[in-house]
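The values are calculated or read from the model by the stated rules, or taken from the named source; none is laboratory data. The model shown is predicted, which means the values in this text are computed figures rather than measured ones. Heads up, the Cβs are rebuilt from the backbone with ideal geometry, glycines too, and the neighbour counts pull from every protein chain shown.
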Amino acid sequence: MNVLGIESSCDETAASIVSDGKTMLSNVVASSLELHRYYGGVVPEIAARSHIQSIIPVIEESLTQSALGWDDIDAIAVTHGAGLGGSLLVGVTTAKTLAITKNKPLYAVNHVAGHVYANFITNTTLNNYYLPDNQPEFPLLALIVSGGHSQLVYFKNHFKYKLLGQTRDDAIGEAFDKVARIIGLPYPGGPSIADAALSGNPNQFTLPKAKMAKYDFSFSGLKTAVLRLSQELIGEDYHFPSFKLAERLNSTQKANIAASFQRVAIESVVDKALIAYNEYKPKTFVIAGGVASNLELRRQIKDRFSINVSYTDPKLCTDNGAMIACIGYYQAKFGIDLADPYSLAIQPNLVM
Ligand code: KG4
Ligand code: ZN
(Lines give C-alpha, C1' and ligand atoms only; values in the text may rest on other atoms or scores of the structure.)
(Ligands and ions follow the chains in the order given, each with its own letter.)
Protein backbone atom coordinates (compact mmCIF):
# COMPACT_ATOMS: atom_id res chain seq x y z
CA MET A 1 0.00 0.00 0.00
CA ASN A 2 1.51 3.32 -1.12
CA VAL A 3 0.53 6.35 0.94
CA LEU A 4 1.20 9.94 -0.12
CA GLY A 5 1.86 12.02 3.02
CA ILE A 6 1.38 15.79 2.96
CA GLU A 7 2.73 18.05 5.71
CA SER A 8 2.38 21.84 5.99
CA SER A 9 1.84 22.60 9.69
CA CYS A 10 4.65 25.13 10.14
CA ASP A 11 7.32 26.39 7.72
CA GLU A 12 8.08 23.16 5.82
CA THR A 13 6.02 22.18 2.77
CA ALA A 14 6.58 18.45 2.50
CA ALA A 15 5.36 15.42 0.58
CA SER A 16 6.54 11.83 0.59
CA ILE A 17 5.42 8.41 -0.52
CA VAL A 18 5.88 5.52 1.88
CA SER A 19 5.08 1.94 1.05
CA ASP A 20 3.50 -0.36 3.67
CA GLY A 21 4.39 2.01 6.50
CA LYS A 22 8.09 1.32 6.28
CA THR A 23 9.72 1.86 2.87
CA MET A 24 10.28 5.49 1.93
CA LEU A 25 10.08 5.94 -1.87
CA SER A 26 10.37 9.72 -1.92
CA ASN A 27 10.83 12.59 0.51
CA VAL A 28 10.61 16.20 -0.65
CA VAL A 29 10.80 19.18 1.69
CA ALA A 30 10.66 22.85 0.69
CA SER A 31 11.36 25.10 3.65
CA SER A 32 10.54 28.80 3.93
CA LEU A 33 13.11 29.03 6.75
CA GLU A 34 15.29 31.54 4.89
CA LEU A 35 12.35 33.95 4.62
CA HIS A 36 11.81 33.86 8.39
CA ARG A 37 15.45 34.22 9.44
CA TYR A 38 15.35 38.00 9.20
CA TYR A 39 12.49 38.08 11.75
CA GLY A 40 14.10 35.56 14.12
CA GLY A 41 11.11 33.20 14.01
CA VAL A 42 8.32 31.88 11.80
CA VAL A 43 5.97 34.58 10.47
CA PRO A 44 2.64 32.78 9.92
CA GLU A 45 1.50 34.83 6.91
CA ILE A 46 4.82 34.34 5.11
CA ALA A 47 4.76 30.61 5.86
CA ALA A 48 1.21 30.24 4.51
CA ARG A 49 1.99 32.15 1.33
CA SER A 50 5.08 30.07 0.78
CA HIS A 51 3.10 26.82 1.21
CA ILE A 52 0.72 27.96 -1.54
CA GLN A 53 3.65 28.46 -3.91
CA SER A 54 5.39 25.19 -3.06
CA ILE A 55 2.74 22.59 -2.39
CA ILE A 56 1.94 21.44 -5.95
CA PRO A 57 5.59 21.33 -7.12
CA VAL A 58 6.54 19.46 -3.92
CA ILE A 59 3.83 16.83 -4.43
CA GLU A 60 4.74 16.46 -8.12
CA GLU A 61 8.40 16.07 -7.21
CA SER A 62 7.56 13.40 -4.65
CA LEU A 63 5.72 11.40 -7.32
CA THR A 64 8.60 11.80 -9.77
CA GLN A 65 11.17 10.79 -7.15
CA SER A 66 9.20 7.65 -6.31
CA ALA A 67 8.75 6.78 -10.00
CA LEU A 68 5.06 6.16 -9.26
CA GLY A 69 1.98 7.61 -10.92
CA TRP A 70 -1.36 8.55 -9.36
CA ASP A 71 -2.74 5.08 -10.17
CA ASP A 72 -0.16 3.60 -7.79
CA ILE A 73 -1.19 5.79 -4.84
CA ASP A 74 -3.60 3.97 -2.54
CA ALA A 75 -4.32 6.71 0.00
CA ILE A 76 -3.49 10.28 0.98
CA ALA A 77 -2.58 11.27 4.55
CA VAL A 78 -2.42 14.89 5.64
CA THR A 79 -1.53 16.76 8.81
CA HIS A 80 -4.69 18.53 10.01
CA GLY A 81 -3.26 19.68 13.38
CA ALA A 82 -1.61 20.88 15.47
CA GLY A 83 0.02 23.82 13.75
CA LEU A 84 -0.41 27.29 12.30
CA GLY A 85 -3.92 27.80 10.90
CA GLY A 86 -2.92 29.35 7.60
CA SER A 87 -0.21 26.76 7.03
CA LEU A 88 -2.42 23.77 7.84
CA LEU A 89 -5.14 25.09 5.57
CA VAL A 90 -2.92 24.85 2.48
CA GLY A 91 -1.96 21.20 3.04
CA VAL A 92 -5.45 20.14 4.07
CA THR A 93 -7.20 21.93 1.18
CA THR A 94 -4.74 20.42 -1.30
CA ALA A 95 -5.15 16.92 0.16
CA LYS A 96 -8.95 17.17 0.15
CA THR A 97 -8.95 18.33 -3.47
CA LEU A 98 -6.63 15.53 -4.54
CA ALA A 99 -8.64 12.94 -2.60
CA ILE A 100 -11.77 14.00 -4.50
CA THR A 101 -10.27 14.45 -7.96
CA LYS A 102 -8.01 11.38 -7.84
CA ASN A 103 -10.58 9.35 -5.92
CA LYS A 104 -8.34 8.28 -3.01
CA PRO A 105 -9.18 7.62 0.64
CA LEU A 106 -8.04 10.46 2.91
CA TYR A 107 -6.55 10.15 6.41
CA ALA A 108 -6.27 13.05 8.87
CA VAL A 109 -3.04 12.90 10.84
CA ASN A 110 -2.05 14.34 14.21
CA HIS A 111 1.33 15.99 13.55
CA VAL A 112 2.83 15.16 16.96
CA ALA A 113 1.88 11.47 16.71
CA GLY A 114 3.29 11.60 13.18
CA HIS A 115 6.73 12.53 14.52
CA VAL A 116 6.86 9.24 16.45
CA TYR A 117 6.21 7.29 13.24
CA ALA A 118 9.36 8.64 11.59
CA ASN A 119 10.99 5.86 13.64
CA PHE A 120 8.95 3.18 11.82
CA ILE A 121 10.64 3.89 8.48
CA THR A 122 13.34 1.26 8.12
CA ASN A 123 13.89 1.05 4.35
CA THR A 124 14.31 3.46 1.51
CA THR A 125 15.10 3.59 -2.16
CA LEU A 126 16.74 7.01 -1.60
CA ASN A 127 20.42 7.68 -0.97
CA ASN A 128 21.95 9.25 2.12
CA TYR A 129 19.49 8.19 4.80
CA TYR A 130 20.56 6.43 7.98
CA LEU A 131 17.57 4.45 9.20
CA PRO A 132 17.04 2.10 12.13
CA ASP A 133 17.40 -1.62 11.32
CA ASN A 134 14.09 -2.58 12.91
CA GLN A 135 10.73 -1.00 13.57
CA PRO A 136 10.06 -0.10 17.22
CA GLU A 137 8.17 -2.71 19.22
CA PHE A 138 5.30 -2.10 21.61
CA PRO A 139 4.99 -1.16 24.38
CA LEU A 140 6.86 1.90 23.30
CA LEU A 141 7.95 4.99 25.19
CA ALA A 142 8.34 8.12 23.06
CA LEU A 143 10.06 11.35 24.00
CA ILE A 144 8.68 13.95 21.58
CA VAL A 145 10.81 17.07 21.51
CA SER A 146 10.09 19.68 18.86
CA GLY A 147 9.60 23.40 18.35
CA GLY A 148 5.97 23.15 19.44
CA HIS A 149 5.91 20.15 21.80
CA SER A 150 7.76 18.42 24.63
CA GLN A 151 5.94 15.27 25.66
CA LEU A 152 6.45 11.82 27.05
CA VAL A 153 3.98 9.34 25.60
CA TYR A 154 3.55 5.66 26.42
CA PHE A 155 2.15 3.59 23.53
CA LYS A 156 0.66 0.21 24.44
CA ASN A 157 0.03 -0.32 20.75
CA HIS A 158 -0.69 1.67 17.61
CA PHE A 159 -3.13 4.45 18.59
CA LYS A 160 -3.45 3.13 22.16
CA TYR A 161 -1.46 5.65 24.10
CA LYS A 162 -1.29 7.60 27.31
CA LEU A 163 0.23 11.06 27.62
CA LEU A 164 2.53 10.83 30.66
CA GLY A 165 3.60 14.45 30.79
CA GLN A 166 4.28 17.57 28.79
CA THR A 167 5.69 21.06 29.00
CA ARG A 168 3.80 23.59 31.07
CA ASP A 169 5.17 26.55 29.13
CA ASP A 170 7.70 26.65 26.28
CA ALA A 171 8.56 23.61 24.19
CA ILE A 172 12.22 22.61 24.34
CA GLY A 173 12.85 23.57 20.68
CA GLU A 174 11.20 26.93 21.34
CA ALA A 175 13.63 27.41 24.27
CA PHE A 176 16.57 26.67 21.95
CA ASP A 177 15.17 29.20 19.47
CA LYS A 178 14.63 31.89 22.14
CA VAL A 179 18.02 31.42 23.81
CA ALA A 180 19.70 31.61 20.39
CA ARG A 181 17.92 34.90 19.82
CA ILE A 182 19.11 36.29 23.17
CA ILE A 183 22.74 35.51 22.41
CA GLY A 184 22.50 36.53 18.76
CA LEU A 185 22.68 33.17 16.97
CA PRO A 186 20.65 32.67 13.78
CA TYR A 187 17.20 31.06 13.53
CA PRO A 188 16.46 28.17 13.89
CA GLY A 189 18.15 28.21 17.26
CA GLY A 190 18.46 24.44 17.75
CA PRO A 191 21.18 23.78 15.19
CA SER A 192 22.83 27.18 15.93
CA ILE A 193 23.06 26.46 19.66
CA ALA A 194 24.32 22.92 18.97
CA ASP A 195 27.03 24.33 16.67
CA ALA A 196 28.13 27.08 19.07
CA ALA A 197 28.14 24.59 21.96
CA LEU A 198 30.82 22.52 20.22
CA SER A 199 33.44 25.11 21.19
CA GLY A 200 31.96 25.93 24.62
CA ASN A 201 32.27 24.49 28.11
CA PRO A 202 28.99 22.81 29.16
CA ASN A 203 29.93 23.19 32.84
CA GLN A 204 30.96 26.83 32.70
CA PHE A 205 27.65 28.09 34.07
CA THR A 206 25.18 26.64 36.56
CA LEU A 207 21.68 27.05 35.19
CA PRO A 208 18.46 25.95 36.92
CA LYS A 209 16.56 22.79 36.07
CA ALA A 210 12.81 23.19 36.68
CA LYS A 211 11.30 20.99 39.38
CA MET A 212 8.05 19.80 37.89
CA ALA A 213 5.37 17.20 38.64
CA LYS A 214 6.47 13.71 37.69
CA TYR A 215 6.66 13.76 33.88
CA ASP A 216 6.08 17.42 33.14
CA PHE A 217 8.63 19.86 31.75
CA SER A 218 9.19 23.60 31.95
CA PHE A 219 11.72 25.69 30.05
CA SER A 220 10.70 29.29 30.61
CA GLY A 221 12.71 29.62 33.85
CA LEU A 222 15.82 28.28 32.14
CA LYS A 223 15.35 30.78 29.31
CA THR A 224 15.02 33.66 31.80
CA ALA A 225 18.12 32.41 33.66
CA VAL A 226 20.09 32.65 30.39
CA LEU A 227 18.84 36.22 29.96
CA ARG A 228 19.90 37.19 33.51
CA LEU A 229 23.25 35.44 33.13
CA SER A 230 23.93 37.29 29.87
CA GLN A 231 23.06 40.64 31.48
CA GLU A 232 25.36 39.84 34.39
CA LEU A 233 28.24 38.83 32.10
CA ILE A 234 28.25 42.24 30.42
CA GLY A 235 27.92 44.01 33.78
CA GLU A 236 24.33 45.21 33.36
CA ASP A 237 21.21 44.64 35.47
CA TYR A 238 17.85 43.14 34.52
CA HIS A 239 16.65 46.40 32.94
CA PHE A 240 19.11 45.97 30.08
CA PRO A 241 17.13 45.14 26.89
CA SER A 242 17.54 41.60 25.62
CA PHE A 243 17.81 42.64 21.95
CA LYS A 244 20.99 44.61 22.69
CA LEU A 245 22.75 41.83 24.58
CA ALA A 246 24.16 39.86 21.66
CA GLU A 247 26.50 42.61 20.45
CA ARG A 248 28.06 42.91 23.92
CA LEU A 249 28.78 39.19 24.39
CA ASN A 250 31.99 37.82 22.95
CA SER A 251 32.15 34.52 21.07
CA THR A 252 33.63 32.59 24.02
CA GLN A 253 30.82 33.75 26.29
CA LYS A 254 28.25 32.81 23.64
CA ALA A 255 29.76 29.35 23.19
CA ASN A 256 29.83 28.75 26.95
CA ILE A 257 26.22 29.92 27.35
CA ALA A 258 25.13 27.72 24.43
CA ALA A 259 26.92 24.64 25.82
CA SER A 260 25.70 25.16 29.40
CA PHE A 261 22.11 25.82 28.29
CA GLN A 262 22.11 22.81 25.96
CA ARG A 263 23.45 20.50 28.67
CA VAL A 264 20.76 21.52 31.19
CA ALA A 265 17.85 21.63 28.70
CA ILE A 266 18.73 18.17 27.41
CA GLU A 267 19.38 16.81 30.91
CA SER A 268 15.93 17.86 32.00
CA VAL A 269 14.20 15.81 29.30
CA VAL A 270 16.53 12.82 29.70
CA ASP A 271 15.93 12.83 33.51
CA LYS A 272 12.18 12.44 32.97
CA ALA A 273 12.49 9.96 30.12
CA LEU A 274 14.70 7.77 32.28
CA ILE A 275 12.25 7.80 35.21
CA ALA A 276 9.41 6.89 32.81
CA TYR A 277 11.51 4.18 31.20
CA ASN A 278 12.25 2.58 34.58
CA GLU A 279 8.64 2.80 35.68
CA TYR A 280 6.96 1.56 32.49
CA LYS A 281 9.67 -0.83 31.27
CA PRO A 282 8.71 -0.53 27.58
CA LYS A 283 10.20 -2.77 24.90
CA THR A 284 11.48 0.24 22.98
CA PHE A 285 12.34 3.86 23.63
CA VAL A 286 12.31 6.35 20.76
CA ILE A 287 12.90 10.06 20.41
CA ALA A 288 11.04 12.20 17.90
CA GLY A 289 10.71 15.79 16.68
CA GLY A 290 13.24 18.37 15.53
CA VAL A 291 15.25 18.34 18.77
CA ALA A 292 15.70 14.56 18.39
CA SER A 293 18.45 15.36 15.88
CA ASN A 294 20.46 17.00 18.68
CA LEU A 295 23.70 15.09 19.25
CA GLU A 296 23.99 16.07 22.93
CA LEU A 297 20.58 14.42 23.45
CA ARG A 298 21.79 11.24 21.75
CA ARG A 299 25.03 11.34 23.77
CA GLN A 300 23.25 11.72 27.12
CA ILE A 301 20.84 8.89 26.25
CA LYS A 302 23.78 6.65 25.40
CA ASP A 303 25.48 7.51 28.71
CA ARG A 304 22.45 7.12 30.92
CA PHE A 305 20.22 4.43 29.40
CA SER A 306 21.28 0.84 29.84
CA ILE A 307 19.66 -0.18 26.53
CA ASN A 308 20.64 0.43 22.92
CA VAL A 309 18.45 3.13 21.47
CA SER A 310 18.17 3.43 17.70
CA TYR A 311 17.70 6.75 16.03
CA THR A 312 16.40 7.83 12.70
CA ASP A 313 18.06 10.17 10.25
CA PRO A 314 18.03 13.85 11.35
CA LYS A 315 16.22 14.63 8.08
CA LEU A 316 13.27 12.60 9.41
CA CYS A 317 13.35 14.25 12.86
CA THR A 318 12.38 17.71 11.61
CA ASP A 319 9.05 18.14 9.81
CA ASN A 320 8.60 15.90 6.76
CA GLY A 321 5.91 14.11 4.77
CA ALA A 322 7.34 10.60 5.28
CA MET A 323 6.29 10.42 8.93
CA ILE A 324 2.77 11.52 7.87
CA ALA A 325 2.61 8.89 5.11
CA CYS A 326 3.91 6.28 7.55
CA ILE A 327 1.32 6.91 10.27
CA GLY A 328 -1.31 7.21 7.50
CA TYR A 329 -0.61 3.61 6.55
CA TYR A 330 -1.24 2.45 10.13
CA GLN A 331 -4.39 4.58 10.34
CA ALA A 332 -5.65 2.79 7.22
CA LYS A 333 -4.65 -0.58 8.63
CA PHE A 334 -6.41 0.04 11.95
CA GLY A 335 -9.39 1.90 10.45
CA ILE A 336 -8.59 5.17 12.20
CA ASP A 337 -9.51 8.71 11.14
CA LEU A 338 -10.68 8.08 7.59
CA ALA A 339 -11.65 11.64 6.73
CA ASP A 340 -14.45 13.05 4.60
CA PRO A 341 -12.71 15.06 1.88
CA TYR A 342 -15.69 17.41 1.70
CA SER A 343 -15.69 18.33 5.38
CA LEU A 344 -12.25 17.71 6.92
CA ALA A 345 -11.30 20.78 8.95
CA ILE A 346 -7.96 21.96 10.29
CA GLN A 347 -7.39 21.68 14.06
CA PRO A 348 -4.62 24.15 15.00
CA ASN A 349 -4.83 23.17 18.69
CA LEU A 350 -5.11 19.41 18.25
CA VAL A 351 -3.62 17.54 21.22
CA MET A 352 -2.25 14.00 21.54
O1 KG4 B 1 9.75 19.02 14.62
P2 KG4 B 1 10.13 20.34 14.11
O3 KG4 B 1 10.75 20.43 12.74
O4 KG4 B 1 8.90 21.31 14.07
C5 KG4 B 1 7.89 21.28 15.05
O6 KG4 B 1 7.00 20.41 14.97
O7 KG4 B 1 8.00 22.12 15.96
O8 KG4 B 1 11.10 20.99 15.19
C9 KG4 B 1 11.69 22.24 15.00
C10 KG4 B 1 12.50 22.56 16.25
C11 KG4 B 1 13.05 23.98 16.25
O12 KG4 B 1 12.75 24.58 17.50
C13 KG4 B 1 14.55 23.77 16.08
O14 KG4 B 1 15.33 24.79 16.70
C15 KG4 B 1 14.74 22.43 16.75
O16 KG4 B 1 13.62 21.68 16.36
N17 KG4 B 1 15.97 21.74 16.30
C18 KG4 B 1 16.99 21.43 17.12
C19 KG4 B 1 17.99 20.84 16.31
N20 KG4 B 1 17.53 20.81 15.02
C21 KG4 B 1 16.29 21.36 15.04
N22 KG4 B 1 17.14 21.61 18.44
C23 KG4 B 1 18.30 21.20 18.99
N24 KG4 B 1 19.31 20.65 18.29
C25 KG4 B 1 19.21 20.43 16.96
N26 KG4 B 1 20.19 19.89 16.29
ZN1 ZN C 1 7.01 18.95 13.90
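Points worth noting:
- Checking each residue in the range 91-139 for being within 16 Å of ligand 1 (Cβ to nearest atom) and part of a helix (DSSP H, G or I) picks out GLY91, HIS111, VAL112, ALA113, GLY114, HIS115, VAL116, TYR117, ALA118, ASN119.
- Exclusive hit being within 14 Å of ligand 1 (Cβ to nearest atom) and free of Cβ contacts under 8 Å to residues at least 40 places away in the same chain, set GLY235, GLY189: GLY189
- Here VAL351 meets each of (1) within 16 Å of ligand 2 (Cβ to nearest atom); (2) more than 30 Å from ALA15 (Cα to Cα); (3) among the hydrophobic types (A, V, I, L, M, F, W, C) with one exception, condition (2).
- Flag if ALA194 is away from ligand 1 (no atom under 16 Å from the Cβ) and of a type in the set (A, V, I, L, M, F, W, C): no
- Among residues of the range 138-190, those that are surrounded by fewer than 18 Cβ atoms within 10 Å (Cβ to Cβ) and closer than 18 Å to VAL309 by Cβ, counted: 2
- Checked against the criterion of being at pLDDT below 95, hydroxyl-bearing (Ser, Thr, Tyr) and surrounded by fewer than 17 Cβ atoms within 10 Å (Cβ to Cβ), the range 23-31 has no qualifying residue.
- Yes/no for GLY83 being modelled with pLDDT of 95 or more, assigned to a helix (DSSP H, G or I) and within 18 Å of the chain's Cα centre (by Cα): no
- Under the condition of being touching a residue at least 60 places away in the same chain (Cβ under 8 Å) and either of a type in the set (Gly, Ala, Ser) or touching a Gly at 6+ places or on another chain (Cβ under 9 Å) (or both), the residues counted in the range 20-41 number 7.
- Test: residue in the range 201-214 that is small (Gly, Ala, Ser) and either within 16 Å of ligand 2 (Cβ to nearest atom) or not in a strand (DSSP E or B) (or both): yes
- Some residue of the range 108-127 being free of Cβ contacts under 8 Å to residues at least 40 places away in the same chain and either more than 11 Å from ligand 2 (Cβ to nearest atom) or under 18 Å from the mean Cα position of the chain (by Cα) (or both): yes
- Verdict on LEU350 being assigned to a loop (DSSP other than H, G, I, E, B), more than 16 Å from ligand 1 (Cβ to nearest atom) and either crowded, with 18+ Cβ neighbours inside 10 Å or not acidic (Asp, Glu) (or both): no
- Search result, residues across the range 62-73 that are in a helix (DSSP H, G or I) and surrounded by 17 or more Cβ atoms within 10 Å (Cβ to Cβ): SER62, LEU63, GLN65, SER66
- The range 140-180, subset away from ligand 1 (no atom under 11 Å from the Cβ) and of a type in the set (D, E, K, R), residue nearest to MET352 (Cα to Cα): LYS162
- Any hit, the range 13-21, residues being more than 24 Å from TYR129 (Cα to Cα) and among the hydrophobic types (A, V, I, L, M, F, W, C): no
- Of the residues making up the range 207-229, just one is hydroxyl-bearing (Ser, Thr, Tyr) and free of Cβ contacts under 8 Å to residues at least 12 places away in the same chain, namely THR224.
- Filter result for ALA292 (under 20 Å from GLN151 (Cα atoms) and either surrounded by 19 or more Cβ atoms within 10 Å (Cβ to Cβ) or in the same structural domain as VAL78 (by TED's automatic domain parsing) (or both)): yes
- Residue in the range 306-329 that is away from ligand 2 (no atom under 16 Å from the Cβ), in a loop (DSSP other than H, G, I, E, B) and either of a type in the set (A, V, I, L, M, F, W, C) or surrounded by 24 or more Cβ atoms within 10 Å (Cβ to Cβ) (or both) present: yes
- The condition (being over 24 Å from LEU152 (Cβ atoms), at pLDDT 95 or above, among the aliphatic types (A, V, I, L, M) and surrounded by 19 or more Cβ atoms within 10 Å (Cβ to Cβ)) is satisfied by just one residue among ILE234, ILE193, ILE257: ILE257.
- Output for the range 151-192, where each listed residue is among the hydroxyl-bearing types (Ser, Thr, Tyr) and more than 27 Å from PRO241 (Cβ to Cβ): TYR154, TYR161
- ILE275 vs. criteria assigned to a helix (DSSP H, G or I), closer than 20 Å to SER150 by Cβ and not assigned by TED's automatic domain parsing to the domain that holds ASN203: no
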